[in-house]
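Visitor: Attaching a single structure in structure tokens format; questions to follow.
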Amino acid sequence: MLLVLTLLTFALYRAIPANPAGFLVDLSPGHVPKPAEIARARKALGVDKPIWEQYGLYLWRLAHGDLGIAYEGTSFVPLTDERVGQPVGPTVVHAAMVTGSVVLGGALFALLLSIPLGAIAASRPRSLTDRTILVVTLVGICTHPLVVALLLQQFPGRQWGLAPPGNYCPFFGSAPTTADPLSGRHLVGCAGPGAWASHLVLPWITFALFFLAIYTRLVRVRMIEVMDEPFIRTAAAKGASRRRIVRHHALRNAMGPVLTLVGMDVGLALGIALYIESVYRLPGLGLTTLGALSGGTGYDLPMILGVVLVIGVVIVVANFLIDLIILWMDPRAAQAGTRRSAVGRIA
Amino acid sequence: MAAGTATIDTTALAAQSPSRLAWRRLRRDRAALVSAGFLVFLAFAVFAGAPLLGRAVGHGPNDLFPYAVNLALKPAGPWSWVPDTSTTPGIDPKTFKQTPPPAGTGKTLLVLGADGPLGRDELQRLLYGGRVSLTVAVGATLLALLIGTTLGTLAAYFGGWVDSVVSRFTDLVMAFPVLLLAIVLGTTVSGKVSDVTLGGALNKGVLSLILLIGLFTWFYPARIVRSLILSLRRREFVEAAEMVGASDAKIMRTHLFPHVIPALAVWATLAVATNIMLEAGITFLGFGIKLPTTSWGSMLAATWGTVLAPLPYNASSFSPWLTIIPSAAIFFTVLSLTLLGEGLREAFDPRGVR
């Protein structure tokens with residue numbers, strides 16, 4: 001699949017009329033680049049070779065772990081025809097970690113809240129609590145995460161000052177300045193776990209709200225189904241307390257489809273993370289892609305390829321992990337192959 | 001009751017087809033009915049009602065009303081009567097207020113207020129923008145249904161390598177974030193497609209969004225159709241049809257297709273809801289409908305800017321209505337579609353969970 005992805009991106013790049021020489025050639029007004037300069041730039045960028053050769057070279061370097069050098073901000077090494085610039089690998093990995101911290105933190109938040117809420121709703125079906133939870137989750141699904149992010153950033157963030165309204169702080173060490181991938185401005189740094197967490201609070205809440213709604217409903221439906229099973233009645237007959245029944249017996253068996261949905265939602269999660277990153281200005285995978293796509297001088301191919309590759313890897317790994325967890329929780333799934341047969345969302 | 005030949009009145013016990021049963025169940029679901037009513041009203045308002053409203057208030061969605069914004073560029077709120085003139089007011093040097101309009105200019109009603117520094121009618125822009133958003137969402141859903149049903153049926157019916165190729169492909173691409181792919185493709189290839197307007201029937205940029213979203217969401221109906229038809233493939237009625245000599249196409253059309261309609265109907269309503277949110281998101285990110293075409297997403301983008309060009313918050317010109325109105329439109333449309341979809345799902349396949 002990763003091969004297909006890279007091929008697709010390369011083919012797309014070919015389809016668009018972009019001339020990456022603009023990155024290396026002096027385009028200041030009043031200076032018309034000479035053909036020799038353009039040829040030199042194209043040679044340094046490697047785009048003067050036929051497209052198959054470019055692709056082959058890319059794969060070869062990839063096999064050695066080299067993701068290339070970004071087009072954006074690249075420049076010639078003085079007096080030679082080589083070019084230096086921002087290496088794609090570390091940038092993309094850092095962006096992946098930023099996105100990862102948003103997604104994982106938000107998902108944890110969502111799961112931690114949705115399981116108890118779903119269990120409570122299931123234990124009192126059709127009561128006021130249940131109905132309220134249903135209505136609130138319905139509202140949560142139907143509100144666009146973008147609107148939530150904008151409102152959270154504006155009001156608790158900027159106006160009431162409850163939490164910092166944006167920017168990312170690395171967890172480890174001190175990174176004094178980082179460049180905003182879109183505008184190239186340098187942002188004042190902050191670092192350390194405390195700052196990292198406080199800057200991520202609003203993004204986590206935004207991310208969690210949407211998934212909270214979906215997972216709470218799913219947990220509720222599953223718990224209601226599971227509570228009707230005979231083994232629950234057996235446990236009660238054996239004298240287990242209600243708490244033990246819910247925690248030890250029911251929840252375990254109800255979690256299967258929840259985890260399946262989590263696995264299937266990785267793509268959706270990345271999409272929502274894109275909205276969140278763009279509003280809160282976190283330099284994650286989404287913003288990096290947008291920056292690579294919309295630079296004034298053209299499309300930053302190595303960066304786009306790097307991001308696409310990393311996303312592909314993440315998805316493959318995530319699905320694999322989810323499969324392992326499901327197998328651990330319910331060994332019968334190995335025979336049934338149930339994960340692939342899920343057909344549609346439970347909104 | 002007299003003994004003897006007791007004839008049972010069988011008309012009341014007549015067997016009801018699954019669709020009749022489903023319809024009866026749906027009628028009992030009040031939330032779904034209200035939602036369906038709202039959606040019908042919305043469709044009417046957006047397509048037929050918008051020009052009617054324009055006729056009623058006397059101006060269109062693109063007419064500028066500079067008097068509808070105050071000096072700090074804060075637009076007027078809902079239900080405001082503004083002078084019906086498009087000349088920009090000057091500023092009186094003595095009082096630092098806007099110069100009043102020339103005597104005799106009538107006033108016109110802006111039902112939901114003005115839409116920002118340009119002072120256009122927010123409600124009309126909402127309705128015309130609703131046309132675009134709904135066209136995109138419904139069009140993309142129809143496209144996805146068309147492609148997905150065809151490919152899913154073919155894969156399930158013929159099996160073998162066709163099936164494995166289609167299944168692997170759908171599995172792979174479904175895992176990938178649609179949004180990112182859509183944006184990458186949207187920027188690269190939509191240049192030529194976005195100007196196609198089908199003779200003015202669609203606005204600019206609508207067709208490319210329809211194609212984009214539709215081409216990335218057809219996997220879901222394909223999976224649904226494929227698993228349904230796989231389970232029906234070896235049933236007796238299909239065998240009987242084959243024995244009678246029905247062609248493959250006829251079997252697929254007449255015998256297998258009616259079974260997938262309920263599941264597809266449920267998916268379609270939820271898909272339209274998702275596509276509305278997707279369109280709003282893509283446009284906000286700057287890659288969807290571009291001005292001057294309005295859509296609900298671009299109304300939000302007009303207030304907050306796009307990702308690449310965010311508009312800074314300015315307390316004196318901020319009007320919460322500009323965010324609330326399109327968000328509420330999106331919210332209620334998505335809400336009714338979701339309720340209708342859940343109602344349809346319950347009607348076609350009731351479980352006792354409620």
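Visitor: Build a GNM of chain B with springs between Cα atoms under 10 Å: which of B:GLY60, B:GLY148, B:GLY119 gets the top mean-square fluctuation?
Guide: Highest fluctuation of the listed residues: B:GLY60.
Visitor: Also: Rounded, prolate or oblate, given the Cα gyration tensor of segment B:64-120, with a/c below 1.5 counting as rounded?
Guide: Verdict is oblate for segment B:64-120.
Visitor: Over the whole of B:271-281, what's the average partner chain Cβ count within 10 Å per residue? Rounded to a whole number, please.
Guide: 3
Visitor: Report, in debye and to the nearest 20, how large the dipole of segment B:8-107 comes out about its Cα centre when Lys and Arg carry +1 and Asp and Glu carry -1 on their Cβ.
Guide: It works out to roughly 380 debye.
Visitor: On a full-extension model of 0.36 nm per residue, what is the gain between A:ARG252 and A:LEU112, subtracting their alpha-carbon distance, rounded to one decimal in nm?
Guide: So the chain would gain 49.0 nm between A:ARG252 and A:LEU112.
Visitor: Oh, and also: Compute the angle between helix B:178-193 and the longest alpha-carbon principal axis of chain B, please, reported from 0 to 90 degrees and rounded to the nearest 10.
Guide: Its long axis makes an angle of about 70 degrees.
Visitor: Which one of B:LEU73, B:VAL138, B:GLY106 is farthest out on the positive end of the charge dipole of segment B:1-152, using unit charges on Cβ (Lys, Arg +1; Asp, Glu -1) and the Cα centre as origin?
Guide: B:VAL138
Visitor: Let me ask something else about it. For a footprinting-style exposure proxy, rank B:HIS259, A:HIS144, A:HIS94, A:HIS248 by other Cβ within 10 Å, fewest first.
Guide: Result, fewest neighbours first: A:HIS248, B:HIS259, A:HIS94, A:HIS144.
Visitor: In addition: Using label points projected 7 Å from each Cα along Cα→Cβ, tell me how many nm separate A:ILE325 and B:THR87, to one decimal.
Guide: Placing both labels 7 Å beyond Cα along the Cβ direction yields 6.8 nm.
Visitor: Using a 10 Å cut-off on Cβ to Cβ distances, tally the other chain neighbours for every residue of A:138-150 and report the average as a whole number.
Guide: Counting Cβ atoms of other protein chains within 10 Å of each residue's Cβ and averaging gives 6.
Visitor: Would you give the gap between the C-alpha center of segment B:136-177 and the C-alpha center of segment A:240-270, rounded to a whole Å?
Guide: Cα centroid of segment B:136-177 versus Cα centroid of segment A:240-270: 29 Å apart.
Visitor: So, one more: If the only charges are +1 at each Lys and Arg Cβ and -1 at each Asp and Glu Cβ, what is the size of the charge dipole of segment B:64-120 around the Cα centre, to the nearest 20 debye?
Guide: So the dipole magnitude of segment B:64-120 works out to roughly 120 debye.
Visitor: Just the Cα atoms of segment B:223-295: what Rg and Dmax do they give in Å?
Guide: Values for segment B:223-295 (Cα only, Rg and Dmax): 19.6, 59 Å.
Visitor: A further question on this structure: Determine, from the Cβ-Cβ distance of B:ILE324 and A:ALA39 and an R0 of 60 Å, the FRET efficiency 1/(1 + (r/R0)^6), rounded to the nearest 0.05.
Guide: FRET efficiency, B:ILE324 to A:ALA39: 0.60.
Visitor: Just checking the output field for A:308-319: average partner chain Cβ neighbours within 10 Å of each residue's Cβ?
Guide: The shielding value for this peptide is 2.
Visitor: Arranged by the count of other C-beta atoms within 10 angstrom, fewest first, what order do A:TRP328, B:TRP321, B:TRP81 take?
Guide: A:TRP328, B:TRP81, B:TRP321
Visitor: Give the angle, between 0 and 90 degrees and rounded to the nearest 10, that separates the Cα long axis of helix B:320-348 from the longest principal axis of the Cα atoms of chain B.
Guide: 10
Visitor: Quick one: among B:MET174, B:MET243, B:MET252, which has the greatest mean-square fluctuation in a GNM of chain B with alpha-carbon springs under 10 angstrom?
Guide: Most flexible of the set in this elastic network: B:MET243.
Visitor: I need the calculated FRET efficiency for the pair B:LEU52 and B:VAL165, taking r as the beta carbon distance and R₀ as 41 Å, to the nearest 0.05.
Guide: Plugging the Cβ-Cβ distance into 1/(1 + (r/R0)^6) gives 0.20.
Visitor: Points 7 angstrom from Cα along the Cβ direction at B:ASN62 and B:ASN314: gap in nanometres?
Guide: 2.5
Visitor: Using Cβ contacts closer than 10 Å as the measure, can you line up A:PHE210, B:PHE41 from fewest to most?
Guide: Sorted ascending by nearby Cβ count, the order is B:PHE41, A:PHE210.
No value in this document is a laboratory result; all are computed from the given coordinates. Note that the structure is predicted; figures quoted are calculated from it, not measured. Neighbour counts are summed over all protein chains in view; Cβ atoms, including those assigned to glycine, are modelled from backbone coordinates with ideal geometry.
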